[in-house]
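To keep things clear, I will list the structure first and then write my remarks on it.
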Amino acid sequence: MSLRTVVLACACTVGLAGPTAASASPSFAPASTATIHPGVQTFTAGAQCTANFVYSDAAGDVFLGQAAHCAGTGSSTQTDGCTSPSLPLGTPVDIGGSEPGTLVYSSWLTMQARGEKDPDTCAYNDLALVKVAAADVGKVNPTVPFWGGPAGLATTAPATGSTVLSYGNSELRAGITALSPKQGLLLQNAGGGWSHEVFTITPGIPGDSGSAFLDASGHALGVLSTLGLLPLPGENGVGDLPRELAYASAHGPFGAVALEHGTEPFKGPLPGALLSGGTTTALGRAG
């Protein structure tokens, strides 16, 4: 656990090596025309979050990831997945398709059903999978906007001070997409490797919850889970995706769930956007 005192709140607005694919990847829409992809807004019973990555299983079903707490029914400070209440599986989720997606996996509900006891797993395992309706699978692309990738699943724990990248899409930004890409630093690992504390320019805000985090090589690292208010405003907690996906594959209803790679190449961090020495510049890339 972190040695610093951090006040945590869920980042939604309210109104280990991972598994390998067991079958061929689905056919995806071009990244330029896809309407369902990492970074789209998701709405679960009025709670707005941001999708992280695209996944599939051996049956060929396609899933969009969000944070499990996006379906939470408790207060914004209830972040322990083993005790916090949640909407049930089968809940419809608006992902921007012609039909709603369906909540088919929740780490919170799974841990509660299994009687999970490990405190770090309970505190930081925060992944949900939303099944894309068959009519909308052809509208999906797994590429992360702005950054490209993911180039695969992270296989090693990130080092303190290493670069992290993200793409949030909070409705609080009123559609200003220039503020969606984020680059920053990993401050420290926590929870026995289940969580990573990061600081980005700009920080994640309510509505960014569930959004994707990549490492400097373009590998899928994590899922935005919490906002840290103290001692450093703008510090965010990111759940470790390899661990979360391994848990889903071991205990979820599908067997192995695979991360889908982006169809567009990873473009890499922006030089000088946030250096370990603290120098910052504004994010921006033509196109």
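Spatial offset of the range 29-83 relative to the range 161-229 amounts to 15 Å, using the alpha carbon center of each.
The ranking of S217, S107, S32 from fewest to most other beta carbons within 10 Å of each one's beta carbon is S32, S217, S107.
Would you list, by chain and number, the lysines whose Cα falls below 22 Å from the Cα of K117, excluding same-chain residues fewer than 8 positions away? Cα-Cα hits under 22 Å: none found. In terms of the Cα gyration tensor, with a ≥ b ≥ c the square roots of its eigenvalues, is the range 104-146 rounded because a/c is under 1.5, prolate because a/b exceeds b/c, or oblate? Verdict is oblate for the range 104-146. Here, P(r) means the percent of Cα pairs in each 10 Å bin from 0 to the largest distance; for the range 9-259 it is 8, 37, 40, 14, 1.
Mean projected area of the convex hull spanned by the Cα atoms of the range 14-156, taken over all viewing directions: 9.3 nm².
Based on other C-beta atoms within 10 Å, arrange C82, C49 from fewest to most.
C82, C49
The aspartates and glutamates within cross-link reach of K267, meaning a Cα-to-Cα straight distance under 13 Å and a gap of 8 or more places when in the same chain, are D215.
Note on K131: lysines with a C-alpha under 18 Å away, same-chain residues under 8 apart excluded, are K139. Of the trypsin sites (Lys or Arg not before Pro) found in the range 115-164, those in coil by DSSP whose Cβ has at most 16 other Cβ atoms within 10 Å are K117.
Quick one: order H196, H251 by neighbouring beta-carbon count within 10 Å, fewest to most. Each step should come with its number before you reach the end.
Working: H196 28, H251 14.
Fewest-to-most ranking of H196, H251: H251, H196.
Every number in this text was worked out from the coordinates using simple rules, so none of it is lab data. Just so it is clear, the model here is predicted, and its values are computed rather than measured. Reconstructed Cβ throughout: ideal geometry from the backbone, glycine too, with neighbour counts over all protein chains shown.
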